[in-house]
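Structure first, commentary second.
The values are calculated or read from the model by the stated rules, or taken from the named source; none is laboratory data. Computed from a prediction, not measured in an experiment: that's the story for all the values here. Ideal geometry is used to build each Cβ from the backbone, glycine not excepted, and the neighbour counts take in all protein chains shown.
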Amino acid sequence: MRLRLLDLGGVSGLRSQAVYHALCDSVSEGGPDTLAILYPTDPYVSLGFHRDLEADVDVAFCAERGLPVYRRRVGGGTVYLDSDQVFFQLIVHQRHVRMTVERAYAELLAPAVAAYRALGVPAELMGVNDLAVAGRKLSGTGMATIGDATVLVGNIIRDLDHATMAGIMRLPDPYARRWVEASMRRWVTSIQGESGAQPGYATVAAELANAYAGWAGEPMEPGEPTDRGLGLIERTEERLQSAEWLHRDGFEWATAPASPVRRVKIRSGRWDSVFDCWLDRQPVRVYLSAEGGVVEAIEFRALDDGPPTIRATLEALGASLSGVDAAGPRTGERVAGIVAAADAGRLARLLAVAARPDG
């Protein structure tokens, strides 16, 4: 397979998103299949195609820190991106990817796994599309069909700012943010976190290029964006930074009822969640970490000053639910033994939503 290499080095945050969008248009029009390697010179927040800005992003936090938010045309969650992350963006005609989603990720991410290993981190594919080491997430990736092109986007994370990663998330209170940040520090890692070393951009780019050339089966052809390509990138930049595109006004999911559960994906199969409910006539907030649908950690906090008995009730709930399958019958039974039947049913349903291992 003939594959062009665009080693773009450092580009603006906006351009780092615009490049692959524009290349999809180019490939759809008959342009060469391309691997772009680059990094953003300024930090920003990337919002998944189907996500709601106000529900997902702490807009005030981002504004205070000068972090722009750009909506991408690839799905997935909200992510923080900065110059410590080297992006790989593979754009090929969709005729090359006529396979299941699972198989496509496995094939197209195999070179990224090889690049991580060449950089000293024994990475592997976890779930459908996470790159991980010893159960810790190294990189989230995404894939989409845009026009007649298929794009795979991912990153090699040299170092990681966990506090900002958690800070950009829209969460109901500071305790929820600390809860999510603690999970990220435990389960999301980087080359620096694993090896104590941080390779330079040129080293990472070379390993990515070598790995994807092996996948293509022949040396890649180094190239530069053409005048037409630059024009496509500039027009894409205008669209990506427009308020209309960011807010997606008028799309059906913008008016869909909001879920009472705020879920944050930590890595494949692992989610942190926060939601409110009523227990024994008291408003309560629930903080949850779940692995594969099983409750690993849970805490109940009363939102108002209630009777002394509420604290004992909440402690009993937390102790009884740790380690259970949130969607299993034992969950409802355990809850029903502690709180009123009406509250127990509602809580069990919310727990099943909060802990489910998929999106």
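For the reader, a short list of remarks on this structure follows.
- Residues (in a helix (DSSP H, G or I) and within 14 Å of Arg136 (Cα to Cα)) located in segment 114-124: Tyr116
- For segment 79-99, a residue qualifies if it is modelled with pLDDT of 95 or more and over 23 Å from Met220 (Cα atoms), and the qualifying residues are Val79, Tyr80, Leu81, Asp82, Ser83, Asp84.
- Only one of the listed residues (Arg239, Arg235) is touching a His at 6+ places or on another chain (Cβ under 9 Å), more than 19 Å from Trp179 (Cβ to Cβ), basic (Lys, Arg) and in the same structural domain as Leu125 (by TED's automatic domain parsing). That residue is Arg239.
- Candidate set from segment 306-326 (those that are outside any helix (DSSP H, G or I) and either surrounded by fewer than 18 Cβ atoms within 10 Å (Cβ to Cβ) or outside the structural domain of Val294 (by TED's automatic domain parsing) (or both)); member that is modelled with the lowest pLDDT: Gly306
- Total residues in segment 332-355, condition crowded, with 18+ Cβ neighbours inside 10 Å and under 17 Å from Pro260 (Cβ atoms): 9
- Filter result for Gly66 (in contact with a strand residue (DSSP E or B) (Cβ under 8 Å, 6 or more places away or on another chain), more than 13 Å from His247 (Cα to Cα) and in a loop (DSSP other than H, G, I, E, B)): no
- Taken together, Leu125, Leu109, Leu119 contain a single residue that is closer than 27 Å to Trp271 by Cα and in contact with a helix residue (DSSP H, G or I) (Cβ under 7 Å, 6 or more places away or on another chain), which is Leu125.
- Close pairs from segment 104-115: first more than 14 Å from Val153 (Cβ to Cβ), partner at pLDDT 95 or above and outside any helix (DSSP H, G or I), Cβ under 6 Å, at least 6 apart: Val113/Ala123
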